[in-house]
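S.K.: Just dropping this structure here.
The values are calculated or read from the model by the stated rules, or taken from the named source; none is laboratory data. What you see is a predicted model, and the numbers here were worked out from it, not measured in a lab. Cβ: placed from backbone, ideal geometry, glycine included. Neighbour counts: every protein chain shown.
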Amino acid sequence: MPVSPAYKTFIQDLLADFGPVSIRRMFGGAGVYADGVMFAILAEDTLYLKADEVSARAFAAEGKGPFTYRPKGRGPVALSYWEVPERLLDDPDELVAWARRAHAVALAAKAEKGR
């Protein structure tokens, strides 16, 4: 799941209008954080945004699926982070709108977890 430094910079530049984000290494990939929550992950130079049951439909409608990994000795595990449609990488304004939805989902999940 390595992420190139150039891809990290590319994503930070695309999300400039979102507001301040930080990208932190994790498990060979990276997490994208804002306001203390991780709302996106980077793996193998691919961006995945956090989704809930409702927002996942938009990703599925674009032919995208969730990030999956295969733990040793187990079947694949899907996370609630969905691959960003390539067209959004050419449209920073729309990407920021999708990122804001992902951030809202992450904040709601954090609030729910805290209850």
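S.K.: Name every residue in the range 77-110 that is under 14 Å from Lys64 (Cβ atoms) and of a type in the set (A, V, I, L, M, F, W, C), in order of residue number.
M.R.: Of everything in the range 77-110, those that are under 14 Å from Lys64 (Cβ atoms) and of a type in the set (A, V, I, L, M, F, W, C) turn out to be Ala78, Leu79, Trp82, Val84, Leu88, Leu89, Leu95, Trp98, Ala102.
S.K.: For the range 1-33, give me each residue that is in a strand (DSSP E or B) and aliphatic (A, V, I, L, M).
M.R.: At the first step, the residues of the range 1-33 found to be in a strand (DSSP E or B) are 22-26, 29-33.
Once the filter is applied, which keeps residues that are in a strand (DSSP E or B) and aliphatic (A, V, I, L, M), the range 1-33 yields Ile23, Met26, Ala30, Val32.
S.K.: Among the residues of the range 61-113, count how many are in contact with a strand residue (DSSP E or B) (Cβ under 8 Å, 6 or more places away or on another chain), of a type in the set (A, V, I, L, M, F, W, C) and free of Cβ contacts under 8 Å to residues at least 24 places away in the same chain.
M.R.: Residues that pass the stated criteria total 2.
S.K.: Any idea how many residues of the range 12-42 are closer than 15 Å to Phe67 by Cβ and either of a type in the set (Val, Ile, Thr) or exposed (fewer than 12 other Cβ atoms within 10 Å of the Cβ) (or both)?
M.R.: Of all residues in the range 12-42, those closer than 15 Å to Phe67 by Cβ come to 26-32, 38-42.
Narrowing further to those that are either of a type in the set (Val, Ile, Thr) or exposed (fewer than 12 other Cβ atoms within 10 Å of the Cβ) (or both): 27-28, 32, 41.
The total comes to 4.
S.K.: Still on this structure, please answer the following. Those residues that are among the hydroxyl-bearing types (Ser, Thr, Tyr) and either touching a Pro at 6+ places or on another chain (Cβ under 6 Å) or over 15 Å from Ala104 (Cα atoms) (or both), I need them from the range 49-87; list them, please.
M.R.: Just the residues of the range 49-87 that are among the hydroxyl-bearing types (Ser, Thr, Tyr), to begin with: 55, 68-69, 80-81.
Hits for the range 49-87 are Thr68, Tyr69.
S.K.: Given Asp52, Asp93, which one is closer than 13 Å to Leu15 by Cα, modelled with pLDDT of 95 or more and not aliphatic (A, V, I, L, M)? It would help to see each step written out before you state the result.
M.R.: Numbers: Asp52 fails: closer than 13 Å to Leu15 by Cα.
Matching residue, one of Asp52, Asp93: Asp93.
S.K.: Ok, one more. Please find, within the range 81-114, the residue that is farthest from the chain's Cα centre (by Cα) out of those that are surrounded by 19 or more Cβ atoms within 10 Å (Cβ to Cβ) and in a helix (DSSP H, G or I).
M.R.: If we take residues in the range 81-114 being surrounded by 19 or more Cβ atoms within 10 Å (Cβ to Cβ) and in a helix (DSSP H, G or I), then Leu88 is farthest from the chain's Cα centre (by Cα).
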